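**Q** Below you will find the structure I want to go over with you.
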Amino acid sequence: MRRIVLLTIVFIFSVSSWAQVDDPSSDDDWWEGRVFYEIFVRSFYDSDGDGIGDFQGLIQKLDYLNDGDPNTTDDLGITGIWLMPINPSPSYHGYDVTDYRAINPDYGTMADFEAFLQAAHDRGIAVIMDMVLNHTSVEHEWFVQSRARVPTYADWYVWADEDPGFRGPENQVVWHRAGGRYYYGVFWSGMPDLNYNNPDVTAEMYDVSRFWLEEIGVDGFRLDAIKFVVEDGRILENSPLNREWLRAYHEYVQSVQPDTLLVGEVWTSSAQAAPYAGDMVDIVFEFDTAEAIIQGASFGIKSPIVNQLELVLELYPPGQYAPFLTNHDQNRVMNQLSGNLDAAKAAASVYLMLPGTPFIYYGEEIGMTGTKPDEYIRTPMQWDSQQPNAGFTTGTPWIRLNADYADGITVADQADDPNSLLNHYRALIHARNATPALQTGNLVLLDNASGNVLSFLRQTEEQTVLVIINLRNREIDNYGITLPEGYTQASLLFGGDGEQIAAPTSGERAYQPLDVLPGLEVLVIELR
């Protein structure tokens, strides 16, 4: 049974602009109105001093993410959480699961998880969890039994008596020796791939999914590495069998809980990722768009962003993708932007104003840094520079923190600074939450006279807003925007620092709501 209790959350920016977060039960695509936040539980907040983040710590920090009070805007304002793997695992990251129906004891108990889930739901926050369908740990009992050739599990994994010899999509070793035979694992020897050509494996993973949806009450799954789930001979990714399996899985979870959200990780080009959106998963992460936004923000130019968005408009059904900047597998965005705070603000402005369902990687909103190896892009959240270990733990953290927490890269140091990256994120998210067209509206790209200004419409049947983003931290006085016919009235919903804006004329070819557009300005203007 679904346990989410959604509050009416109202964020007021002006007397003429407000909206509420929709109740998922009233709309099959409830996620389109939300902003998700990716959390690595191990690194978020440690409640008991053992150096490892946990669910009780998450509960204590929920007010930072969304306090559930419609009259405040000093929380981040997110309305969805994606939890990286929370199942038992021998690895710190959790992507090699040993028990799909249990909670990693490092993070607490099932009761702790359910308390977190209820606390999130009470604040109107939906929760999805990582579901690792492609592979298990070599320590999973299924694999132990399969390696031992116990009949029940003998073909739950892909085995060969002789080394087939071929390598993976990135020329990696995919056949690993064990017990005089070879098993297939596309990522590494510690994560053997499940054999979904065996209907018993499919039935088991169906039931695992049912357990979390029906008995525990999560709102959906982020599906890891879905282009690899079902191989077909030497077709190791994006096989027709893979697509067929995912369609059936999507149908199954919809039969269990019709409003379940499935988010697919298809780390590939937009052209190859887009076909998964719709009947295989509800939305996919848009990796090429992330790259284009980072490139455009780095140089303060709109062209890479516009070119990619034009492609996205061609490839995807409206809204069926997830814009983001970076995640737990990539060097943090602040490193990719060479520490440029202005570029970080510009990048955030772009992806949080786009259609789709945006995802924020924890710590991105304060400018946390980190480069590979992977452990160092998943370091503890930096809460407070005045406390030991950045306020993450009173004990010894599971991994060292980034040293820059002493230089103001913390929540506490940025919370009251109106010019901080944190408050930039807060303002953008609350603006999105307060504006229906920003949540679910279609995208119409608009021409303008400046290579440093991105301009577009977001449109629903009830509302049209014009979004103008200055990608540079300098004033621009020649950015005239070409508007469609029919708009003659304008109301400023966000940005502009209270300035009076000019009204457009119908079909105006050089509309400038402000004579001079300030550096890094984001304007959201309702047109009528």
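**Q** Calculate, for the stretch 193-248, the solvent-accessible area per residue in square angstrom, rolling a 1.4 angstrom probe over the heavy atoms of the protein chains. Can you show the working numbers first?
**A** On the way: 1860 Å² over 56 residues.
Per residue, the stretch 193-248 has 33 Å² of solvent-accessible surface.
**Q** P(r) for the stretch 69-162: what percent of alpha-carbon pairs falls in each 5 Å bin, starting at zero?
**A** Bins of 5 Å from zero give 3, 12, 17, 17, 14, 12, 9, 7, 4, 3, 2, 1, 0, 0 percent of pairs.
**Q** Please state the relative contact order of the stretch 58-179 as a whole percent: Cα pairs under 8 Å, 6+ residues apart?
**A** On the way: 148 pairs, mean separation 26.0, N = 122.
Relative contact order comes out at 21 percent.
**Q** In addition: When we measure straight from the Cα of K345, which lysines land under 25 angstrom away, once same-chain ones fewer than 8 places off are left out?
**A** Here the lysines satisfying the reach criterion relative to K345 are K61, K302, K372.
**Q** With charges set only on the Cβ (+1 for Lys and Arg, -1 for Asp and Glu), what does the dipole of the chain come to about its Cα centre, in debye to the nearest 20?
**A** 780
**Q** Further question: What whole-number value in Å² describes the accessible area per residue of the stretch 108-173 for a 1.4 Å probe?
**A** On a per-residue basis, the stretch 108-173 sits at 44 Å².
**Q** Keeping all protein chains in place, calculate the accessible area per residue for the stretch 44-97 (probe 1.4 angstrom), answer in Å².
**A** With all protein chains present, the stretch 44-97 gives 27 Å² per residue.
**Q** If DNA, RNA and ligands are ignored and the probe is 1.4 Å, what is the ranking of E364, E114 by accessible area, most exposed first?
**A** In descending accessible area the options line up as E114, E364.
**Q** Taking the chain as the reference, fit the longest principal axis to its C-alpha atoms, fit the long axis of helix 287-299 to the helix C-alpha atoms, and give the angle between the two in degrees, 0 to 90, nearest 10.
**A** 40
**Q** Using just the C-alpha positions of the chain as equal point scatterers, what log10 of I(q)/I(0) does the Debye formula give at each q in 0.05, 0.06, 0.07, 0.11 1/Å?
**A** Values, matching the q order: -0.20, -0.29, -0.39, -0.96.
**Q** Using a ≥ b ≥ c from the Cα gyration tensor of the stretch 251-390 (square roots of the eigenvalues), is it rounded, prolate or oblate, where a/c under 1.5 gives rounded and otherwise the larger of a/b and b/c decides, a/b for prolate?
**A** Oblate.
**Q** Roughly what angle does helix 55-65 make with the longest principal axis of the chain, taking Cα atoms, 0 to 90 degrees, to the nearest 10?
**A** In the chain, helix 55-65 runs at an angle near 10 degrees to the longest axis.
**Q** Counting only protein heavy atoms and a 1.4 Å probe, tell me what percentage of the stretch 108-265's accessible area is made up of carbon and sulfur.
**A** Carbon and sulfur: 49 percent of the exposed surface of the stretch 108-265.
**Q** Compare the peptides 100-109, 222-231 by average per-residue count of other Cβ atoms within 10 angstrom and give them in order, highest first.
**A** Packing proxy ranking, top to bottom: 222-231, 100-109.
**Q** Follow-up question, since we're still on this one. Could you tally the net charge around L241, taking each other residue with its Cβ under 10 Å from the Cβ of L241, Lys/Arg +1 and Asp/Glu -1?
**A** Within the 10 Å Cβ shell, the charges total -2.
**Q** At a 1.4 Å probe, what is the % contribution of carbon and sulfur to the accessible area of the stretch 385-528?
**A** 42
**Q** Sticking with this structure for a sec: Output the relative contact order of the chain, whole-number percent, from Cα pairs under 8 angstrom with separation of 6+ residues.
**A** Averaging sequence separation for qualifying contacts and normalising by length gives 14 percent for the chain.
**Q** OK, next. Once the Cα atoms of helix 303-315 and of the chain are each reduced to a long axis, what angle between those two axes, in degrees from 0 to 90 to the nearest 10, is obtained?
**A** With both axes taken from Cα atoms, the answer is about 60 degrees.
**Q** If you build the Cα gyration tensor of the stretch 25-120 and take the root of 5 times each eigenvalue, what three semi-axes come out, in whole angstrom, biggest first?
**A** 25, 17, 11
The values are calculated or read from the model by the stated rules, or taken from the named source; none is laboratory data. This one's a predicted model, so the numbers in the text were calculated from it and none came from an experiment. So basically every Cβ, Gly included, is an ideal-geometry build from the backbone, and we count neighbours across all protein chains shown. These accessible areas exclude ligands, DNA and RNA; they are computed on the full protein's heavy atoms, side chains included. Shrake-Rupley method; radii C 1.70, N 1.55, O 1.52, S 1.80 Å.
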